[in-house]
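Reviewing the structure listed below.
The values are calculated or read from the model by the stated rules, or taken from the named source; none is laboratory data. If you're wondering where the values come from, they're calculated on a predicted model, not measured in any experiment. As a convention, Cβ positions derive from the backbone with ideal geometry for all residues, glycine included, and neighbour counts pool all protein chains shown. The protein model used for the area step is the full one, side chains on, heavy atoms only, and it has no ligands, DNA or RNA in it. Shrake-Rupley method; radii C 1.70, N 1.55, O 1.52, S 1.80 Å.
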Amino acid sequence: SVEPLRKPSWIRAKAPVGPGVQRIKRLLREAKLATVCEEAMCPNLGECFNHGTATFMILGDVCTRRCPFCDVAHGRPSPVDTEEAEHLAESVALMGLRYVVITSVDRDDLRDGGAGHFADCLRAVRVRNPETRLEILVPDFRGREAIALDCFAGEGALPDVFNHNLETVPRLYRQARPGADYAGSLGLLKAFKERYPGVPTKSGIMLGLGEERDEVLEVMRDLRAHGCEMLTLGQYLQPSRDHLPVARYWTPDEFEALRVEGERMGFVNVASGAMVRSSYHADQQAGEVIG
Ligand code: SF4
Ligand code: SF4
């Protein structure tokens with residue numbers, strides 16, 4: 001096997017743990033809630049939790065897909081936890097969160113891909129936390145897009161930001177995103193925007209899987225052509241030796257140049273940097289778009 005590339009100095013490895021973090025972790029265990037922040041051992045955890053931001057993972061921790069860059073377990077998921085929306089609403093209140101990202105594994109086993117449960121969670125969190133901004137980071141709802149989009153039509157079910165990641169360039173989909181479809185993901189972003197034009201749409205890709213700069217720019221243009229307004233670009237890090245290796249570490253200057261390009265293309269906001277994650281500084285990013 002090939003030796004992994006050495007991590008450059010600008011990659012932070014560890015999550016700094018602040019004073020508030022232990023308390024929050026206890027709360028989460030009591031409420032039986034999972035955060036991506038913890039599961040992915042995100043290096044931004046201390047910063048985000050202390051700023052009142054967190055990313056919750058609903059619909060269980062077992063995915064029906066198997067993407068070789070992703071650390072989530074795969075297999076047969078458990079039934080949907082009907083108390084999850086209430087637990088989430090309560091935890092957001094207890095944690096005093098001002099900006100919440102709700103995401104999920106892929107649930108190809110569910111008729112609506114899990115969209116109805118997303119909507120239930122949005123409603124429940126809003127009732128108890130009317131000031132909290134809510135972003136959803138959704139799977140592709142492949143084959144169920146129309147049913148899924150209907151779910152957000154009800155009172156209180158619309159997110160403040162609709163986020164769906166393309167993850168990588170189309171050439172690498174077969175390798176990195178088996179079961180997903182580049183055109184389908186773009187189509188979902190466009191369909192959401194057409195149906196709910198008042199809600200900003202957002203997407204992101206990971207760099208470092210072997211994509212070329214021209215391919216990244218092409219994806220950015222595709223996103224703009226499908227009405228996408230916000231973009232995140234971050235460095236892919238290999239969760240373990242069993243996952244896809246890092247092909248290249250993009251440099252801080254390259255990330256910065258892509259940010260400038262993105263703004264030139266008309267994205268309202270581009271977060272681009274090695275440690276940027278889909279939800280990193282999501283509050284500030286959204287603040288510039290939704291006020
Ligand atoms: Fe959580 Fe996202 Fe912040 Fe990481 S960047 S700690 S996943 S909210
Ligand atoms: Fe991970 Fe999402 Fe792929 Fe499931 S669909 S394996 S959660 S990246």
Filter segment 104-149 for residues that are closer than 20 Å to S203 by Cβ and in contact with a strand residue (DSSP E or B) (Cβ under 6 Å, 6 or more places away or on another chain) and give the result.
-> S104, V105, D106, G114, F118, L122, R133, L134, E135, I136, L137
Tell me which of these G287 doesn't satisfy, since it passes every other one: (1) exposed (fewer than 15 other Cβ atoms within 10 Å of the Cβ); (2) within 20 Å of G210 (Cβ to Cβ).
-> (2)
Could you list, in sequence order, the residues of segment 29-71 that are at pLDDT below 85 and either more than 25 Å from M275 (Cα to Cα) or among the aliphatic types (A, V, I, L, M) (or both)?
-> A40, M41
Out of (1) aliphatic (A, V, I, L, M); (2) within 16 Å of ligand 2 (Cβ to nearest atom); (3) in contact with a strand residue (DSSP E or B) (Cβ under 6 Å, 6 or more places away or on another chain), what's the single condition that is false for V92?
-> (2)
Screening V276, V289, V260, V246 for residues that are assigned to a loop (DSSP other than H, G, I, E, B), away from ligand 1 (no atom under 16 Å from the Cβ) and among the β-branched types (V, I, T) leaves only V246
Mind checking which residues of segment 45-81 are near ligand 1 (Cβ under 9 Å from one of its atoms) and either assigned to a loop (DSSP other than H, G, I, E, B) or open to solvent by 30 Å² or more (accessible area, probe 1.4 Å) (or both)?
-> E47, H51
Matching residues in segment 1-17 (open to solvent by less than 90 Å² (accessible area, probe 1.4 Å), modelled with pLDDT of 70 or more and under 24 Å from the mean Cα position of the chain (by Cα)) number 2
Yes or no: I24 in contact with a strand residue (DSSP E or B) (Cβ under 6 Å, 6 or more places away or on another chain), under 22 Å from E135 (Cβ atoms) and in contact (Cβ under 8 Å) with a residue 24 or more places away in the chain?
-> no
